[in-house]
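Structure first, then comments.
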Amino acid sequence: MPLRHLLKSLLCLLMFIGALGSAQAADAEYVLGPGDIIRITVFQNPDLTTETRVSENGAITFPLVGNVDVGGLTVPAAESRIAEQLRSGGFVLQPQIGILPLQIRGNQVAVLGQVNRPGRYPLETFNMRLSDMLAMAGGIAATGADELVLIGVRKGKIERTQIDVPSLFMKGDLTKDVIVSGGDVIYVHRAPTFYIYGEVNRPGAFRLERGMTVMQGLATGGGVTIRGTTRGMQIHRRSEDGTQQVIEPQLDQELAPNDVIFVKESLF
């Protein structure tokens, strides 16, 4: 065999191994869907190398065989289907197919609630994490809570996971920065609030920060007016059974979500 033919065959083999290895390393169980862009290589047939998009009905167009339905198939299953059509058509006797997903558009994740750009976002790579999806949605809005909920299907069962976002970065707990899957829903609830009225300079509803005390709540409300006093101050708090509690708090006591602080007028 001439040297140039040998080198050409070796190059094709390396291209095939590289494409096949990359696809399998990424995720052998990934399911192809509409909008995905893939590269298809055929060992020792470089002229058949094709980059194509999975159509809305799940089909691709491939040289010699025409339309091939790959939507809903894993990467290995799609490789086998293309190989079978090349073999049955008599185009390639022993086809060895490699599929490398280039852009993953078929699987999307919904990011809802208190984020800056809620919507559905595609999984552009195999290993996109929770933080990647939040970044695509513009991050958590100022009105968003520190915790979010991730809902998805894992091993055939619906799983709901509550994740503390600040701990991902402040404490370095990256175990919760999980890899998301197509069909997942990320929901950011509105941040908890507390209310303050009476003799304060800025009565109203305010975001309840983590660990916020009564004194910090008063400061958020602009402080007590010259007519007000912290003596006899009350917190109206609703318990889990729905009953209303009235508490006379200490200034270093922590506030709870939906607490209502009432600052009385001084009698002297």
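The values are calculated or read from the model by the stated rules, or taken from the named source; none is laboratory data. Here the structure is a predicted model, which means the values were calculated and not measured. Cβ sites come from the backbone with ideal geometry, for glycine too, and all protein chains shown count toward neighbours. Keep in mind that these areas ignore ligands, DNA and RNA; they rest on the heavy atoms of the full protein, side chains included. Shrake-Rupley method; radii C 1.70, N 1.55, O 1.52, S 1.80 Å.
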With all protein chains present, the chain has a carbon and sulfur share of its accessible area (1.4 Å probe) in percent of 54 percent
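Using 0.36 nm per residue, how much length does the chain from Thr61 to Tyr197 gain when fully extended, once their Cα-Cα distance is taken away?
Fully extending the segment from Thr61 to Tyr197 adds 42.2 nm.
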As straight-line cross-link partners of Lys264, the qualifying aspartates and glutamates (C-alpha separation under 19 Å, not fewer than 8 residues apart within one chain) are Glu199, Glu248, Asp252
Val185 and Gln96 label points (each 7 Å along its Cα→Cβ direction) are spaced in nm at 4.6 nm
Among (1) 59, 51, 37; (2) 107, 36, 26; (3) 45, 42, 39, the entry matching Cα extents along the principal axes in Å as calculated here is (2)
Shape call for the range 205-268, from the Cα gyration tensor axes a ≥ b ≥ c (a/c under 1.5 means rounded, otherwise prolate when a/b beats b/c, else oblate), comes out oblate
Distance in nm between Ala77 and Gln103 label points, each 7 Å along Cα→Cβ, equals 2.5 nm
Correct response: the longest run of the chain lacking exposed GluC sites (Glu not before Pro), defined by DSSP loop and at most 11 other Cβ within 10 Å, is 57-239
With a Förster distance of 22 angstrom and the Cβ-Cβ distance between Arg238 and Lys171, calculated FRET efficiency to the nearest 0.05 equals 0.10
Applied in sequence order to the range 243-256, the curve 6.51 cos²θ - 1.76 cosθ + 1.60 (Karplus, θ = phi - 60°) yields integer Hz couplings, x standing for Gly and Pro, of 7, 8, 10, 10, 10, 9, x, 7, 5, 8, 6, 6, 7, 10
Taking placed amide H atoms and a strict 5 Å upper bound, the residues 5 or more places from Ser266 or on another chain that come that close are Gly228, Thr229
Counting sequence-distant residues (5 or more places) and residues on other chains, those with an amide H built under 5 Å from that of Arg238 are Gln245
Residues meeting the amide H criterion for Asp36 (H placed from the backbone, H to H distance under 5 Å, 5 or more places apart or on another chain) are Val54, Arg105, Gly106
